[in-house]
Amino acid sequence: MYKSIDIDTLKKNPSFRWWLTRDNFFTEDECNEVRKYIDNNAKPKIGSYSIIDEQPMMEDEICKLNIADIEEQKYLDKIWSLIEIANTSVYKYNISGIYKNKLMGHRYDEEDWYTPHSDFHPIDPFTVVKLTVVTFLSNEGEEYQGGEFKFFDGTHIESRKGRVLIFPSFYGHEVKPITNGHRYSLVTWAVGDTFV
């Protein structure tokens, strides 16, 4: 039988925010170094979600972009420091590291996109992602057109070279199709035991 609760006795998080940004998190030189690495190492990805119980999660493709794995320690350290500060001060999740101990460099070329999605979903191992971190490596409207980063509520986060964005991985988002130029970003997730 259900028992009534006193909501005022539950642990709350008054510092919670749907998203945080910090401009100039990466320097111009760091942005250019990562962009060069992406250009030299990225491989095309045109994909759909994995198979669960022998049934595809989605029939249509969910993305078209170029991805390069980045395991350079100085960038892992920099992103991890940001994650720890944001998590301690705002999110307060149980996190233990960075997804697969790497970062992913993304380059979107003309007509590339990423359909609306959430990074936290039932495909293994994405039930352990807690925070999504996106570092923008190019300037929207200057180096490319289109490619807007939007949350499901319509909030548009402008891509500014060096700006970092962090948000809960269950917050839905998308990248609109690129109409001209190249859009670069560095993406990873903070992980920990699944939400319980």
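Taking the longest Cα principal axis of the chain as reference, the axis of helix 73-86 is set at about 40 degrees.
Each label was represented as a point 7 Å from its Cα along the Cα-to-Cβ direction; for His156 and Phe16 these points are 2.8 nm apart. If R0 is taken as 25 Å, the Cβ-Cβ distance between Glu33 and Lys100 corresponds to a FRET efficiency of 0.70. Please state the shape class of region 111-196: rounded when a/c is under 1.5, otherwise prolate if a/b exceeds b/c and oblate if not, all from the C-alpha gyration tensor. Prolate. A straight Cα-to-Cα reach below 18 Å connects Lys74 with the aspartates and glutamates Glu28, Asp29, Glu30, Glu33, Glu84, residues fewer than 8 places away in its own chain not being considered. The modelled label-to-label distance between Asp8 and Thr115, using points 7 Å beyond Cα along the C-beta direction, is 4.8 nm.
Over the Cα atoms of the chain, the radius of gyration divided by the Kirkwood radius equals 0.99; this is the Rg/Rh ratio. Once you sort the root eigenvalues of the Cα gyration tensor of region 128-169 as a ≥ b ≥ c, which label holds: rounded (a/c under 1.5), prolate (a/b larger than b/c) or oblate (the other case)? It comes out oblate by the Cα gyration axes.
Over 31 Å between Cα atoms, which of Lys100/Lys150; Lys11/Lys64; Lys102/Lys176 qualify? From the list (Lys100/Lys150; Lys11/Lys64; Lys102/Lys176), the Cα-Cα distance tops 31 Å for Lys11/Lys64. To the nearest ten degrees, helix 28-41 and the longest principal axis of the Cα atoms of the chain are 80 degrees apart. Extension gain for the segment Asp69 to Met1, taken as residue separation times 0.36 nm less the Cα-Cα distance, is 19.4 nm to one decimal. Considering only alpha-carbon pairs that sit under 8 angstrom and 6 or more positions apart, the relative contact order computed for the chain is 28 percent.
Each value in this text was obtained by applying a stated rule to the coordinates, not by laboratory testing. A quick note: this is a predicted structure, and the numbers were derived from the prediction, not measured. Note: ideal-geometry Cβ built from the backbone for every residue, glycine included; neighbour counts use all protein chains shown.
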